[in-house]
1. In the stretch 201-237, which residues are of a type in the set (Ser, Thr, Tyr) and part of a strand (DSSP E or B)?
2. When both residues are 6+ apart or on different chains and their Cβ atoms are under 6 Å apart, which pairs have a first residue that lies in the stretch 217-237 and is surrounded by 18 or more Cβ atoms within 10 Å (Cβ to Cβ), and a second that is modelled with pLDDT of 90 or more and assigned to a loop (DSSP other than H, G, I, E, B)?
3. May I ask you to list the residues in the stretch 74-102 that are open to solvent by 80 Å² or more (accessible area, probe 1.4 Å) and within 21 Å of residue 217 (Cα to Cα)?
4. Is it true that residue 8 is among the basic types (Lys, Arg), open to solvent by 80 Å² or more (accessible area, probe 1.4 Å) and assigned to a helix (DSSP H, G or I)?
5. Please find, among 182, 188, the residue that is open to solvent by 40 Å² or more (accessible area, probe 1.4 Å), over 21 Å from residue 46 (Cα atoms), among the small types (Gly, Ala, Ser) and modelled with pLDDT under 95.
6. Condition first: farther than 24 Å from residue 76 by Cα and in contact (Cβ under 8 Å) with a residue 40 or more places away in the chain. Now tell me which residues in the stretch 144-158 satisfy that.
7. Pick out, from the stretch 16-116, the helices (runs of 4 or more DSSP H) lying fully within it that include 3 or more residues that are among the hydrophobic types (A, V, I, L, M, F, W, C), within 27 Å of residue 128 (Cβ to Cβ) and at pLDDT 95 or above.
Amino acid sequence: MEAYDNTRLSEFKRCPRKYYYRHILDWVPEGKSMPLIFGDCWHKGMEVVWELAPAAFRKDPKAAMREIADKAYEAFMETWTGEYEMPASLTSEQEKDWAPRTPARARDMYHGYLEAREHIFRDPSLEVLEIEKAFSVPLDPDREDLWYVGKIDKVVRFRGRVLAIEHKTTTQYSKTTKFRNSFVESFSPNSQVDGYQYCLHVKYPEGTGGVWVDAALVHKTDEGFTFIPVERQKQHL
């Protein structure tokens, strides 16, 4: 069986030699960059948020906001100090070098995120179907051995339509619009987002609403959260 994900396909399109080094010879640099570390830790907190928030917010929004923000931050720190072996307490130099991607900023962001998403979590139509679920879908009806694989952050049913939720963090700040236009426009077209939409059309043919890119601004003094909806028909994909 031949299975391809977005990372492999995108890397080959960018540079076949880099693809060969990384995916055939398995030559990869040690460690991860701070944006990737922070993004992975943020994702762990989002797993907690989307697992607990819909039911909790319908009962007691104020209590849910405090409790879930704390639990999300705990998940962030478990990944930060565990998987990445980062320090739990930062020195002044580390705060300066890594800002705004620091645990303290993440703690504030979880509270802000829950406030911004309260109306979504309280909506009775919201149903979380899958969290960090791997998928595999056929690519060619004439080739049973050719598959597209990956993992979608969240799959939900909202107001009668099935959506993929893809969490993204960015420092691309705009004073007027919070998020720079270049960041917002980078998701259409976008091979990762289009791949998720193809998967949804295959797995949920009864009615999909595309992908909502769940963007979170990482900034020293400001914060912002927005959904960037991207929807394509199956024939376009």
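The values are calculated or read from the model by the stated rules, or taken from the named source; none is laboratory data. What you are looking at is a predicted structure, and each value in this text was computed from that prediction instead of being measured. Note: ideal-geometry Cβ built from the backbone for every residue, glycine included; neighbour counts use all protein chains shown. Keep in mind that these areas ignore ligands, DNA and RNA; they rest on the heavy atoms of the full protein, side chains included. Shrake-Rupley method; radii C 1.70, N 1.55, O 1.52, S 1.80 Å.
1. Once the filter is applied, which keeps residues that are of a type in the set (Ser, Thr, Tyr) and part of a strand (DSSP E or B), the stretch 201-237 yields 208, 226.
2. 218/100; 218/101; 218/171; 228/187; 230/187
3. Result: 74, 96, 97.
4. So residue 8 fails the test.
5. None of the others qualify; the one that does is 188.
6. 145, 146, 147, 148, 149, 158
7. 34-59, 61-78
Residues are listed down the side, and each one gets a yes or a no for (1) under 17 Å from the mean Cα position of the chain (by Cα); (2) assigned to a loop (DSSP other than H, G, I, E, B); (3) buried (at least 18 other Cβ atoms within 10 Å of the Cβ):
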| position | (1), (2), (3) |
| --- | --- |
| 137 | no, no, no |
| 151 | yes, no, no |
| 165 | yes, no, yes |
| 169 | yes, no, yes |
| 199 | yes, no, yes |
